[in-house]
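Asker: Before we start, here is the structure in question, set down as structure tokens.
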Amino acid sequence: MRMKIKRMKIKVTYYFFKFLIKPLVYTNHRLYMKFYNRLLHHVGIKINGTPRFIAYSVKFDDFALITLGDRLVISSKVIFLTHDYSFTSSLISIGEKPETDIGLLGPITIGDNVFIGINSILLPGTTIGNNVIIGAGSVVRGKVPDYSIISGNPALVIGDIRQHAKKLKHKNYIRRVDK
């Protein structure tokens, strides 16, 4: 019961301060990220380095089970799901109804220099390596190797980020944004 109350206090604190810094998303995203990174650290997310941008609409499940890397970009509506209650349904389907729901928990770890596309879902037990691109709408579970481009449901490796960079360098539609 104490753990439940503590977790609820952390969530309330998170959403209160997140609401307070929301205007900065539209006016000064660098200042927004400075405050948001501090807030994420305060609520228990482990941060190795400095994430570049995390959209306001990103949903985190259990803060204590999430680790974020350096130079991370997380697009809108990405969900970090650290729990899975499907085991209960599976047991019931074979006639073994448990007395209470059984939740499986798994950490989510994101490496350095990772881009996560809009509407992606990261499932429990996911580890994403360094220098990775996750395509929009991907459902990710398991271990994602360094230098991968992954996409789909379920997300599969579709390329190498180094080859992608070389290919894009020769295109004339690249536009630089402020640093």
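Computed from the coordinates by the stated procedures, all read-outs in this text should not be read as laboratory data. What you are looking at is a predicted structure, and each value in this text was computed from that prediction instead of being measured. Here Cβ is always computed from backbone atoms with ideal geometry, including for glycine, and neighbour counts include all displayed protein chains.
Asker: Can you tell me what share of the DSSP beta bridges in the chain is antiparallel? A percent to the nearest 5 is fine.
Answerer: Roughly 25 percent of the beta bridges in the chain run antiparallel, per DSSP.
Asker: A further question on this structure: Measure up 11/166; 22/143; 77/143; 46/171 against 31 Å on the Cα-Cα distance and list the ones that go over.
Answerer: Too far apart for the 31 Å limit: 11/166; 22/143; 46/171.
Asker: Place a point 7 Å from Cα of residue 7 in the direction of its Cβ. Which residues in the stretch 45-86 have their backbone N less than 18 Å from it?
Answerer: Backbone N within reach: 45-46, 59-67, 80-86.
Asker: Follow-up. For n ≥ 4 DSSP H runs only, could you compute -39500 (n - 2.57) per run for the chain, divide by its residues and tell me the 222 nm figure to the nearest 500?
Answerer: It comes out at -10500 deg cm²/dmol, rounded to the nearest 500.
Asker: In nanometres, what is the gap between the two model label sites at residue 93 and residue 64, each 7 Å from Cα along Cα-to-Cβ?
Answerer: 3.1
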